[in-house]
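Below is one structure; the comments refer to it alone.
All of the numbers you see were taken from the coordinates with simple rules; none came from a lab. No experiment lies behind these values; they were computed from the predicted model shown. Cβ placement follows ideal geometry from the backbone for every residue including glycine, while neighbour counts extend to all protein chains displayed.
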């Protein structure tokens, strides 16, 4: 079980609990605004862009090559950027805060 | 003034994204959706890929959760069919006899698989298209119970090839029969066809081209024999039909809408009737970048048209002018495509210097970059997208030279002084 907090663009804080699947799926299930997951979670659309709270990067690890490539020309991307379809919900993620970019 | 009612026919990528976008745009009236598919609206692309091979339930694959529809006050009517529309009184008629009035009507009716007129196909055993969750559960059920698992896939397009890859993974013996001289002939360059042909052959899937299926004979034990016009024949315990789609336009016809290769819509996705819109696979629309009328079968097209329609209904005008993009996953290979390659005159293939398979195919007409197909190379895909969108000219020599570090600035044509 992991508690994950999304902070939307309009500063709404949504904390949800999950046990498995991707963070994108968890966000979509809970209707988190700004996480669309149009491609269904295969890192093809970049509509699940989040920035990991700077204090929590140890919980998420670093972005994979394909995530970095997909975000390379995105003006809103920074070193904390992730495509959350590539983040799995695990115990290690408990307490993480993710800022939704769109 | 009474509350406005927006009725959506079709609850897949286009219809569902439209409904949520309309709320996001601030529409306060009623939003009512209908679909004859009884399953909570789901992602379609995974049906031939991850969803087919994985042991997940369709709910894990939903576009939006059940609660999301309640939260946004969107009424979802599943398992019912709209059978008629009355233009003058602005109401739809359902197959259960009920009626519903509308102020705005959205036709997100999509397309249905073509079942070709092959003699014996209708009588053959275990024949499935691949379009709906129901199709996939039929296929899964067959695989879990069949003793002999020989599959013939008719059609070497993306659906056929993705399904072949998934079925191979699931332990079946797969033969793909393609009518054209090469697979993916309609949508991609010969170099890509060759790549996918080899990819499947290496995985022990037989891809046979120039195979025109003539008839199917089914014996008493339910084994089908697929007969081709060149005299060859293939035994099949299951047949997958993946030869393309027909658009669903019967309701559009009832409204006398203008129809060509789909329902004709303007830049705001309006049909020839002002308060009737069409979005998704069923639309024939103008692409301002390629200056061409096109019909697309893709998630991108469905989602982006949905957003344009939602904006137009509340008076926030934006036009549909997205550069089309697509993807396909087969085995461990990820193909990402951007643009439309039709009419290309020159191809540049750029192979990255890596051990793993990683390359991209760039389609040009003169100096204009039309499209990019990227294999395991998201960077090529995003760079290609940028150049196409911004109408920037690429320095072809630098593109060909793999030692050029792959960044837009390094590929830009230096302007002559």
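Beta bridges from DSSP with both residues in chain B: antiparallel share about 60 percent, rounded to the nearest 5.
Per residue, chain B reaches -7000 deg cm²/dmol at 222 nm when only DSSP H runs of four or more residues are counted, each adding -39500 (n - 2.57).
Taking Cα centroids, how far is region B:317-337 from region B:62-106 in Å? About 29 Å separates the Cα centre of region B:317-337 from the one of region B:62-106. Compute the Cα gyration tensor for chain B, then decide on rounded, prolate or oblate, letting a ≥ b ≥ c be the square roots of its eigenvalues: rounded whenever a/c is under 1.5, prolate when a/b is larger than b/c in the other cases, and oblate in all that remain. Oblate, because a/c is 1.5 or more while a/b does not exceed b/c. One quarter of the surface of the convex hull around the alpha-carbon atoms of region B:332-410 equals 4.8 nm², the direction-averaged projected area.
The convex hull defined by the C-alpha atoms of region A:1-75 has an orientation-averaged projected area of 5.4 nm². With a 10 Å cut-off around each Cβ of A:24-31, the average count of Cβ atoms from other chains is 4.
If R0 is 25 Å, the Cβ-Cβ spacing of residue B:212 and residue B:115 corresponds to a FRET efficiency of close to 0.95.
Taking the helices alone, chain A has a mean residue ellipticity at 222 nm of -4000 deg cm²/dmol, built from -39,500 (n - 2.57) per DSSP H run of at least 4 residues and averaged over all its residues.
Remark: mean inter-chain Cβ contacts per residue of A:40-49 equal 6, using a 10 Å Cβ-Cβ cutoff to other protein chain atoms.
Kirkwood's formula applied to the C-alpha pairs of region B:127-241 gives a hydrodynamic radius of 14.3 angstrom.
Mean partner shielding of peptide B:61-71, defined as the number of other chain Cβ atoms within 10 Å of each residue Cβ, is 3. Net length available on complete extension from residue B:65 to residue B:407 is 119.2 nm, with 0.36 nm assigned per residue and the Cα-Cα distance removed. For region B:3-151, the convex hull drawn through the C-alpha positions has a volume of 142 cubic angstrom per residue. Distance between the 7 Å Cα→Cβ label points at residue B:274 and residue A:94: 6.0 nm. Sorted fewest first by neighbouring Cβ atoms within 10 angstrom, B:144, B:360, B:65, B:229 come out as B:144, B:229, B:65, B:360.
What's the exposure ranking of B:18, A:6, going from fewest to most Cβ atoms within 10 Å?
With the fewest neighbours first, B:18, A:6 line up as A:6, B:18.
Ordering of B:341-350, B:189-198 by packing is B:189-198, B:341-350, highest average first (other Cβ atoms within 10 Å, averaged per residue).
Shape class for region B:90-163: prolate, because the ratio a/c of the largest to smallest gyration tensor axis (alpha-carbon atoms, square roots of eigenvalues) is 1.5 or more and a/b beats b/c. Each of residue B:293 and residue B:198 was given a label point 7 Å from its Cα along the Cα-to-Cβ line. The distance between the two points is 4.1 nm. Cβ crowding within 10 Å ranks A:93, B:337, B:170, A:1 as A:1, B:170, A:93, B:337, fewest other Cβ atoms first. If you count the DSSP beta bridges with both ends in region B:160-262, what percent of them are antiparallel, to the nearest 5? The answer is about 75 percent antiparallel.
I'd like the distance separating the alpha-carbon centroids of region B:165-214 and region B:16-58, in whole Å. About 30 Å separates the Cα centre of region B:165-214 from the one of region B:16-58. Mind jotting down the distance between the C-alpha centroids of region B:225-248 and region B:345-388, whole Å? That distance is 33 Å. The equivalent ellipsoid that matches the C-alpha gyration tensor of the protein assembly as shown spans semi-axes of 33, 32, 26 angstrom, in descending order. Beta bridges per DSSP, both residues in region A:2-100: antiparallel share near 75 percent.
Averaged over residues, the count of other Cβ atoms within 10 Å places the peptides B:135-141, B:9-15, B:89-95 in the sequence B:9-15, B:135-141, B:89-95, highest first. Modelled label positions at residue B:140 and residue B:353, each set 7 Å beyond Cα in the direction of Cβ, lie 4.6 nm from each other.
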